[in-house]
Every structure is written in C-alpha cells, then in structure tokens.
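Participant: Got a structure here, written out as structure tokens. Questions coming.
Any read-out appearing in this document is the output of simple, stated calculations on the displayed coordinates, not a laboratory observation. All of these numbers come straight from a predicted model, not from anything done at the bench. Virtual Cβ from ideal backbone geometry, glycine too; neighbours counted across all protein chains shown.
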Number of protein chains: 2
Amino acid sequence: MPTISQRGQLMPPSPIRKLVPYAEAAKKRGVTVYHLNIGQPDIETPEPVLDAVRQSHFKILEYSHSAGNESYRQKLTGYYKKFDIDVTSQQIIVTTGGSEAILFGFMACLDPGDEVIIPEPFYANYNGFAVAANVHVKPITSSIETGFALPPIEEFEKLITPKTKGILICNPNNPTGYLYSREEMEVLKHICLKYNLFLFSDEAYREFCYSGKHFSAMNLEGMDNNVILMDTISKRYSACGARIGALVTKNQTVLDAVMKFAQARLSPPSFAQIAAEAAVDLPADYFDGIKAEYEARRDILVKMLNEIPGVYCPNPGGAFYAMAKLPIDDADKFCQWLLESFEYKQQTVMLSPGTGFYATAGLGKDEVRLAYVLNTGDIQHAMECLAAALRVYPGKK
Amino acid sequence: MPTISQRGQLMPPSPIRKLVPYAEAAKKRGVTVYHLNIGQPDIETPEPVLDAVRQSHFKILEYSHSAGNESYRQKLTGYYKKFDIDVTSQQIIVTTGGSEAILFGFMACLDPGDEVIIPEPFYANYNGFAVAANVHVKPITSSIETGFALPPIEEFEKLITPKTKGILICNPNNPTGYLYSREEMEVLKHICLKYNLFLFSDEAYREFCYSGKHFSAMNLEGMDNNVILMDTISKRYSACGARIGALVTKNQTVLDAVMKFAQARLSPPSFAQIAAEAAVDLPADYFDGIKAEYEARRDILVKMLNEIPGVYCPNPGGAFYAMAKLPIDDADKFCQWLLESFEYKQQTVMLSPGTGFYATAGLGKDEVRLAYVLNTGDIQHAMECLAAALRVYPGKK
C-alpha cells in the first residue's frame, strides 16, 4: 500500500469541527446546543443577492475568466473605492472563497521552508494553507491582558530570519475580534519595509468594526509592492457558501504569478459570481442594520461573560468573535464536557477551545473563542448555560 | 521589493489561453473565429440542472459540509453504481471542480520532490498542480502513430526511481481522445502494485466514449488502496462554471488526509452543489443524445482533417478532443499566424498548439489539439478554413 505524503500527515485536522460528533450526540439526547463555535452567521443572505442567481437567464453554465468576470471586477473597484482603496480591475483576482486567496498568496510569494510570522491566536486554517504550501508559520504571541493588541516591534524582530518572507495580519481579527489601529498598521509597514517582507492582510471582517474605524493595509503608503489583500464576501453578505473571495495587490509580479495559479484551476464558481456582483449594488445602509445587530450581540455577550466569576473577556472592536479566559483546567476537555456531560434546562453551548488558535504548544488552554452569530435572546440563554456550567465543571480552577 | 516564490516563477502560464489576445484582435477586425481551442462545450446545460438552483428556497447561503452535502454524496453513490463502481458516500469528497480533486490528490499523496509519471501529451494544467505541490512530472511519450496508446511497460519501468509515487492517467484522454482499454488499465495495475504506486485516474470524460466501453480504474481488482479517482461534472453536464468535482477512493488513509485539506478550505460551492445533485437525477437517456452529437462531430472533424494533404489524425475513441499532425514548422507560430495573418471568407480557426501538452521539449511542434465543441456546420467551416490555411501558410513543410 503506497503511503500518503508527509504533508498529508502534517496537515492539521480542523480544531473547530472535531467536537461535532459530541454536539450531534447531545442533540440526539434532546439537548438544545447553542452554536457559538463557528463563523457561520445566522443573518439572512440579502434577498437581492440570492434573487440575482434565481432570476438569471443564461443557457450554458460556462467557465468564467480565470480572474473572475470583468463586470464583477469592475464593480469591485467601486466597492474598494468606498474605503479609499484605489485599485483597477486588473489588480483584482476573484478567488474561490477567501481560502483560495490565502492559498494563492502563499503559493505565489512563499517557497517550501520559507517563514511567515502571524500574531497568535490566529485563524486555525492558516496552518492548513501553510502546510499545503510547505511554509512554516512563526507565531508571535499577543495576549488577552492587552486585549490582543499587536505585540511590540522588538518581538517581531526577534523572530525574523533569512527565511522570513512575510507577515500575515487578520484585521479585524478572527479569533480575537481585535481591531488593529492605524498606528499598529504603520508598525507593520515599518517592519515589512525594513526587512523586505510581504504583508498578507486578511480583511474578511472589514465591515464589522464597532469601536473605531478600519484601516486597510492597502492604505499604507509606500507599500504597494508589499501588501497582498485577501478578501471574501462570506461574512460581509452572510454568503459563506458562495465561495467567492478576492486577492488584491498592486504588485504586478505577484499578480502575474497568482494569475497562473488561477488559470490552472480554470475559474471561480459562476453562479456565485452573479450573487457577488449583485451584492456590490446593495444599498449603502445595508451594513448599518447588520452592524447594529452584531454590536448588540457583542455588548450582551461581553457583559454577561465578564459577570461570570473568574471569567475575563476583553471588548472586541470588530468581527463577530470574542476570546474569553475561563477558570478551567483545559479548554478542550471543557468544551467536550459541555457537550457530553452537561446540560442546563436541557440546553448547552458549543464553544471553540482556545488551543486550536495558538501555534505555541500549551497556550490557549484556559481560553475559548465565542462567535456571536446567534440572536441576543439565544446569546443570553447560552451565557446562562455557560455560567451554570462553570459552577459545576469538575476541572474548575 | 520582496521577490515572489520560485514556484510562482516556475508556474507555467496557460498554453491554451496565451493566444486569446490574438483572437480578440481578429474579432475586432470583423473575422469570425471558430474556437476549437478550449474544452468549453456549446451544449446547453440541462434545464433541470439550472432550474434546481433557480427554484431553490433557502434563506442563508451557508457553508456546506467540507466533504460536500451528504444528500449529494448519497446520490453520487447511485451514479457510480451504474458504472459498477461500488463506493459509499464516505468515500467521496466533493471538490471545487476536478481541478481541486487533482490538487488534493497530489497534496495528500505526494511530497515536494516526489515524481508522478504521466503519459504525454497530457492536460497542460497537471503541470500547474504539480508545480503548486512542488512535485515533478515525469512524462512518458505516447505517439500519434499508435493513436496515443499506452506506452509499453518497459518504458514505464525505465522512468521509475525511488522518488516515483504515482502514475496519472486521463481516460478517455484529454488532449488525445484516446480511450484506454481494460488490458491497458491492467498493465497500469501491474506496475502500480509492483512498485507500490498510486494510480491517479482522471475520468472527466467517462460518458463520452464512442468506440468501445469505458473501463474505470476503480474497477481494477486489488487496487483499492492505490486508485484515486479525480472526477468532475464540468463536461458531463456541460456545467464547467459550476466548479463541482469529486475525489473518490477506498484508501481510508488518503481520505482522512484529503478531508483535512477539504476542511481547511471550508466547503465546495453551495449553489453549484444544488445543480450537481439535480444532474444525477437526469433521465438515463440524457447522454444518448449528447453522445450522438459528439460522435457526429468527431466523425466529420476526423474525416475532413485526414482529407487535407499532409494531415494525419487518428480516430479518437472518447472525450471531445483530437490531436492532429500538420505539415508545419511550428505549431505555436502556426496557431498565432491563423489568428494574426490569415483569413478565409472572413473566417479563421483557433487551435491549441501541441507543444503545450508535452513536457518533453521539442515534442508536439507539428501537432495541434482540436476540441470539437462546435456544431457540425461550424466544424465544417472551420475545417475548410484550416485546409485553406495550410495551402498558404509560409512555414509549410
């Protein structure tokens, strides 16, 4: 029997999905499970977005241009303009989800053995794309005590080796919800220019900023050749299943290289590009209601978390995630216990163990990520469950 | 300015798409261009497939399961059953096009520096996925004189090194249209078992067999742990833009590894999975009409090609491609000349230079690939153009 690859063995399983069988078993027992574990919003996809596909009239579901439909890319230039990001349609390559934008960015810029620095905790799937590209992730730890602010410049410099080719930043951040300030982005610029590094900027949650304004890496002056924007419509329009994202850069050499990867896989999905194009035309006030909803959820989540004895949750400035520190021995054990051995009024809550978001072994053991993708009523119920759980959890510290 | 990766530099540009600007210029001059260069069929996507999406009723465009919707995978087991392929839904991972099935197969089974043997001429994008995975393609040349039959076993054995991890076969073949016989597939089995290799089997054109019956690699006995089927609905239902494929194998270790790559990119496109699921329910006679149409096209194409002095085209047994040998100095120059400097009754033809399908330098210089994705009338016009062109082409041999 032939053996699989090293990288197939090294590839990390999804830390978020491994608890799914326990959740399914809990539901079979009749327990209501509040899913605060995944970034699948409950917000309805805007009707005009779905209707654009449902009312489409073509006869052949053809390949699109490998870079995505020109009409969509043209519209995207207008979308970015609203954030003072000046790009042409030629500087946008439409990808199959933000996932493919990350993969293409790594593939085009990094070789096997190269290193990319990522503040941890970070989106767990960066690990997967790094393994796929045979790239090493060098984590730089940010701490819950500072609300997960950017670590000091000296800490970055300690990590830089001749193999370092880039820094990846997710802003606003998944899993911490931290919104990096303009000053922090300028620090990253300073490091990237000094050490000649790419700055990969994942801005999937651009629209969801509550305390402060989003500052895009694309707006860093003098960084045109360094910044690779990795974008997606998944969260923006609650259209995760569309699988439409974009890689955006002004670096022509990178664009040329990414285009070759895009051609190899032929094209991004055609139905979903119709939806994505319609989404750009949503009225300007579309996000106001959504943002108000998420902000209300955040406020109640963070307030109720901090009221539980021994729990600490910094107030996240953006996205729809919060990291909380719990008085527990082991987040993985706790999250499994919640589903397997606990219920409160026939309800329980599903959380993501903090460990899955750290590359440094041992970190995140007393932290969990909560995605506030449920309505405020359900969030209240979920927090009551969590409070009750922490009163009786055997591994309480 | 940071430099892009070696693999970004090595990544081959699409050999098929590089002539596009010349075709566009020809059209601007008022010349009709017959596109025999790409595998985008003109056959309409079946209405029930498009209607399934247009009549869908969900409110949130959610992520699907990373392996694809269970309902779709269940149906696919029935689809494969019709070809005596016995698989469970757990042995099917739905991918974003056949492209992703190829990439996942390479990633899960092969490490940087590993070698995969592929009979050439071959589908050019295998090169792209190999570069993405840092894998080396070792071509084994099949020849137009034998109609591109499988090279003898000794030729394979000459290429095998300790780094060889697999053989990739496309059956029926793109670009040659060659349909491998059961006996040839048994030869591949013999080699794979003897040398402990994976057999990657791209069967994108399974339905399109005219002379003889398709024999799937999945039906090779004793090869459950070796065979990785890479599949797609793109050609089957004329649904290239859906971007739905599948990786199918009975090797549980490979499935587990591929599943981790699938989880990292979250899910295949949701709209298109609805279309794909509906496609499985098409009436059994759906392919009869399509096959008859392609066969008629093949017959006229091959006949007219062989009537042109100095041209030789073996009769392809499947898919919708033919490779022809032309009396020319250089296929790349000729294909560009057709678009740039030639017209016949205000028409010309776009072909794919043979060189793009060979990994061995210098091969394919007097060959072109023709995709018979136009109706018989247009194919006739196109062949008249080609005949006229060969009468006046300055680089004629």
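Participant: Does anyone have the angle between helix A:286-307 and the longest principal axis of chain A? Alpha-carbon axes, 0 to 90°, nearest 10?
Facilitator: Rounded to the nearest ten degrees, it is 30.
Participant: For A:LYS82, list the aspartates and glutamates whose Cα falls under 14 Å from its own Cα; do not include residues on the same chain fewer than 8 positions away.
Facilitator: Correct list for A:LYS82: A:GLU207, A:ASP281, A:ASP285.
Participant: Could you let me know the centre-to-centre spacing of the range B:6-78 and the range B:294-330, using Cα atoms, in angstrom?
Facilitator: Answer, in whole Å: 26.
Participant: Under 11 Å from the Cβ of A:LEU266, count the other residues' Cβ atoms, weight Lys and Arg +1, Asp and Glu -1, and hand me the total.
Facilitator: +1
Participant: Looking at chain A only, what percent of DSSP beta bridges run antiparallel? Nearest 5 please.
Facilitator: Bridges in chain A are about 45 percent antiparallel.
Participant: Relative contact order for the range A:245-388: what is it in percent, counting Cα pairs under 8 Å that are at least 6 residues apart?
Facilitator: Result for the range A:245-388 is 22 percent.
Participant: Could you name the lysines in cross-link range of A:LYS81, using Cα to Cα under 25 Å and dropping any fewer than eight places away on the same chain?
Facilitator: Once the sequence-local lysines are set aside, what remains near A:LYS81 is A:LYS189, A:LYS213, A:LYS235, A:LYS250, A:LYS291.
Participant: Karplus couplings for the range A:108-123 from phi (6.51 cos²θ - 1.76 cosθ + 1.60, θ = phi - 60°), rounded to Hz, Gly and Pro as x?
Facilitator: The phi angles translate into 6, 10, 10, 9, x, x, 5, 10, 10, 8, 9, x, 9, x, 9, 3 Hz.
Participant: Also, quick follow-up: Each residue of the range A:311-326 in turn: what ³J(HN,Hα) in whole Hz from Karplus with 6.51, -1.76, 1.60 and θ = phi - 60°, glycine and Pro shown as x?
Facilitator: After applying 6.51 cos²θ - 1.76 cosθ + 1.60, I find 9, 10, 9, x, 7, x, x, x, 6, 9, 10, 9, 9, 10, 9, 10 Hz.
Participant: I've got another one for you. What does the copy distance list look like for B:ASP299, label position 7 Å along Cα→Cβ, in nm and ordered from shortest?
Facilitator: 7.5
Participant: How high is the relative contact order of chain A, given as a whole-number percent (alpha carbon pairs under 8 Å, six or more residues apart)?
Facilitator: Reported relative contact order: 24 percent.
Participant: For A:ILE228, list long-range residues whose amide hydrogen, built 1.01 Å from N in the peptide plane, is under 5 Å from its own amide hydrogen.
Facilitator: A:LEU199, A:PHE200, A:SER201
Participant: What translational diffusion coefficient, to the nearest whole µm²/s, does the range B:89-152 have by Stokes-Einstein, given a Kirkwood radius computed over alpha-carbon pairs, a temperature of 4 °C and 1.567 mPa s viscosity? Don't jump to the answer; show the numbers that get you there.
Facilitator: Numbers: Rh = 13.1 Å.
Taking Rh from Cα pairs, D becomes 99 µm²/s.
Participant: How do A:THR176, B:THR77 rank when sorted from fewest to most other Cβ atoms within 10 Å of their own Cβ?
Facilitator: Details: A:THR176 28, B:THR77 18.
Ordered by Cβ neighbours within 10 Å, fewest first: B:THR77, A:THR176.
Participant: Next question, about the same structure. Give, rounded to the nearest 20 debye, the magnitude of the charge dipole that the protein assembly as shown has about its Cα centre when Lys and Arg contribute +1 at Cβ and Asp and Glu contribute -1 at Cβ.
Facilitator: Dipole magnitude for the protein assembly as shown comes out near 320 debye.
Participant: So what is the calculated 222 nm ellipticity per residue for chain A, using -39500 (n - 2.57) for each DSSP H run with n of 4 or more, over all residues, to the nearest 500 deg cm²/dmol?
Facilitator: -11500 deg cm²/dmol, from helical runs alone.
Participant: Follow-up. At 25 °C and a viscosity of 0.890 mPa s, what translational diffusion coefficient does Stokes-Einstein give for the range A:263-370, taking Rh as the Kirkwood radius over Cα pairs? Give it in µm²/s as a whole number.
Facilitator: Values: Rh = 17.0 Å.
D = 144 µm²/s.
Participant: Summing +1 for each Lys or Arg and -1 for each Asp or Glu, what net charge is found among the other residues whose Cβ lies under 15 Å from the Cβ of B:LEU159?
Facilitator: Values: positive: B:LYS138, B:LYS158, B:LYS163, B:LYS165, B:LYS194; negative: B:ASP114, B:GLU115, B:GLU120, B:GLU154, B:GLU155, B:GLU157.
Charge balance in the 15 Å sphere: -1.
Participant: About its Cα centre, what dipole magnitude does the range A:47-280 give when the only charges are +1 on Lys and Arg Cβ and -1 on Asp and Glu Cβ, stated in debye to the nearest 20?
Facilitator: Roughly 520 debye for the range A:47-280.
Participant: Here is a further query. Give me the distance between the Cα centres of the range A:259-282 and the range B:142-174, rounded to whole Å.
Facilitator: 36
Participant: Counting other Cβ atoms within 10 Å, keep those with at most 16, restrict to DSSP loop, and tell me which trypsin sites (Lys or Arg not before Pro) in the range B:127-170 are left.
Facilitator: B:LYS163
Participant: Give, as a single signed number, the net charge of other residues whose beta carbon lies under 12 Å from the beta carbon of B:SER341, with Lys and Arg counted +1 and Asp and Glu -1.
Facilitator: That works out to 0.
Participant: Continuing with this model, one more query. Apply the Karplus curve 6.51 cos²θ - 1.76 cosθ + 1.60, θ = phi - 60°, to the phi angles in the range A:336-351 and return the couplings in whole Hz, x for Gly and Pro.
Facilitator: Values per residue, Gly and Pro as x: 5, 4, 3, 8, 8, 10, 10, 8, 9, 6, 6, 9, 8, 9, 10, 10 Hz.
Participant: What is the range B:47-280's relative contact order, in percent, from Cα pairs under 8 angstrom and six or more apart in sequence?
Facilitator: Rounded, it is 30 percent for the range B:47-280.
Participant: Using only the alpha carbons of the protein assembly as shown, determine the length spanned along each of the three principal axes and report them from longest to shortest in whole angstroms.
Facilitator: Cα extents, longest axis first: 88, 55, 52 Å.
Participant: Oh, and also: Name the residues whose placed amide hydrogens come within less than 5 Å of the amide hydrogen of B:GLU367, ignoring near sequence neighbours (fewer than 5 apart) on the same chain.
Facilitator: Those lying under 5 Å, H to H, from B:GLU367 are B:LEU326, B:ALA331, B:GLY354, B:THR355.
Participant: Shifting gears a bit: Need one number: convex hull volume per residue for chain A, Cα atoms only, in Å³.
Facilitator: On the way: hull volume 64.4 nm³, N = 397.
Here the figure is 162 Å³ per residue.
Participant: Kindly provide the trypsin sites (Lys or Arg not before Pro) of the range B:1-51 that DSSP labels as loop, not H, G, I, E or B, and whose Cβ sees at most 14 other Cβ atoms within 10 Å.
Facilitator: B:ARG29
Participant: Another question about this same structure. What lysines could a cross-link reach from B:LYS345, if we take a straight Cα to Cα line under 27 Å and drop same-chain neighbours fewer than 8 places away?
Facilitator: Output for B:LYS345: B:LYS18, B:LYS27, B:LYS28, B:LYS303, B:LYS325, B:LYS333, B:LYS396, B:LYS397.
Participant: Which distances, shortest first and in nm, link A:GLY310 to the matching position in the other copies, using label points set 7 Å out along Cα to C-beta?
Facilitator: Inter-copy label distances (nm, one decimal, shortest first): 8.7.
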